[in-house]
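Peer 1: Below are the structure tokens for one structure; questions will follow.
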Amino acid sequence: MRDGLLPSAMLCVAVALALGFVPTRIWGGAVAALLFGCAAALLPPITPDHADVIFLGCWVSTVVLAACVHLPHGMNRATAVVLGLNAGVWACLVARVGGGAANLLVALPLVLLCVPARWLVLSGRGIVLKVAASWLLAIGVMEMVLMLTPTPGYKPDHME
């Protein structure tokens, strides 16, 4: 998963799932922070040498956001804004290093999944979101472990 589209899309889906468990009045600040984070992450120069750190940051953020659906009372406003800002920065950086910022045109609208997510929570079907978030959490942890573990075939070695 070293392209920019899928990791940034998964991060935006994790934001949407986490927002499904908070009141709708909190959404505006979190989404605005997400967009501000994306805009800010367009400014600094990045090189392919930064790719490992950027992908690691993206996966850590995905795991944290996916875990937020398991909080007993959801996130408060400040947490939602901070995590939205964080997600925006990492989603943009991953999109930039993995193929171009145009990947954000596909990933960012996925945050709108918070609308059906909230409906599922209010109708008593929030367990569906928790299962989906658990899959995102598992994928994020697996990607982090693969990045940190020297696995033959994933990185060039002395034989190539």
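Peer 1: More than 29 Å from Val145 (Cα to Cα) and in a helix (DSSP H, G or I): is that true of Leu112 in this structure?
Peer 2: Yes; evaluated as a whole, the condition is true for this residue.
Peer 1: Within segment 39-95, which residues are open to solvent by 60 Å² or more (accessible area, probe 1.4 Å) and part of a helix (DSSP H, G or I)?
Peer 2: Scanning segment 39-95 gives Pro48, Asp49, His50, Asp52, Val53, Val60, Val64, His70, Arg77, Ala78, Val82, Leu85.
Peer 1: Let me ask something else. For segment 120-131, give me the residue count where each residue is open to solvent by less than 40 Å² (accessible area, probe 1.4 Å) and not β-branched (Val, Ile, Thr).
Peer 2: Looking only at that region, the number is 3.
Peer 1: With the requirement that a residue be farther than 22 Å from Gly140 by Cα and not aromatic (Phe, Trp, Tyr), what does segment 36-54 give you?
Peer 2: Listed by number, the residues that qualify are Ala39, Ala40, Leu42, Leu43, Pro44, Pro45, Ile46, Thr47.
Peer 1: Within segment 96-107, how many residues turn out to be part of a helix (DSSP H, G or I) and surrounded by fewer than 20 Cβ atoms within 10 Å (Cβ to Cβ)?
Peer 2: Residues that pass the stated criteria total 4.
Peer 1: Something else about it: Please specify each residue of segment 97-141 satisfying the condition of being among the aromatic types (Phe, Trp, Tyr) and within 14 Å of Leu19 (Cβ to Cβ).
Peer 2: Trp119 - this is the single residue of segment 97-141 that is among the aromatic types (Phe, Trp, Tyr) and within 14 Å of Leu19 (Cβ to Cβ).
Peer 1: Here is a further query. Among the residues of segment 1-41, what is the count of those that are over 23 Å from Leu120 (Cβ atoms) and either of a type in the set (Lys, Arg) or at pLDDT 90 or above (or both)?
Peer 2: The number of residues fulfilling the criteria is 13.
Peer 1: Can you list residue pairs whose Cβ atoms sit under 8 Å apart, with the first residue in segment 45-70 being farther than 11 Å from Leu17 by Cα and acidic (Asp, Glu) and the second being assigned to a helix (DSSP H, G or I) and open to solvent by 10 Å² or more (accessible area, probe 1.4 Å)? Count only pairs 6 or more apart in sequence or on different chains.
Peer 2: Cβ pairs passing all conditions: Asp52/Met147.
Peer 1: If you don't mind, there's one more thing I want to ask. What are the residues in segment 1-33 that are over 15 Å from Arg96 (Cβ atoms), assigned to a helix (DSSP H, G or I) and without any contact (Cβ under 8 Å) to a residue 60 or more places away in the chain, if any?
Peer 2: Scanning segment 1-33 gives Arg25, Ile26, Gly28, Gly29, Ala30, Ala32, Ala33.
The values are calculated or read from the model by the stated rules, or taken from the named source; none is laboratory data. Because the structure is predicted, anything quoted here is derived from the model rather than measured. Here Cβ is always computed from backbone atoms with ideal geometry, including for glycine, and neighbour counts include all displayed protein chains. For accessibility, only protein heavy atoms count, side chains too; no ligands or nucleic acids. Shrake-Rupley method; radii C 1.70, N 1.55, O 1.52, S 1.80 Å.
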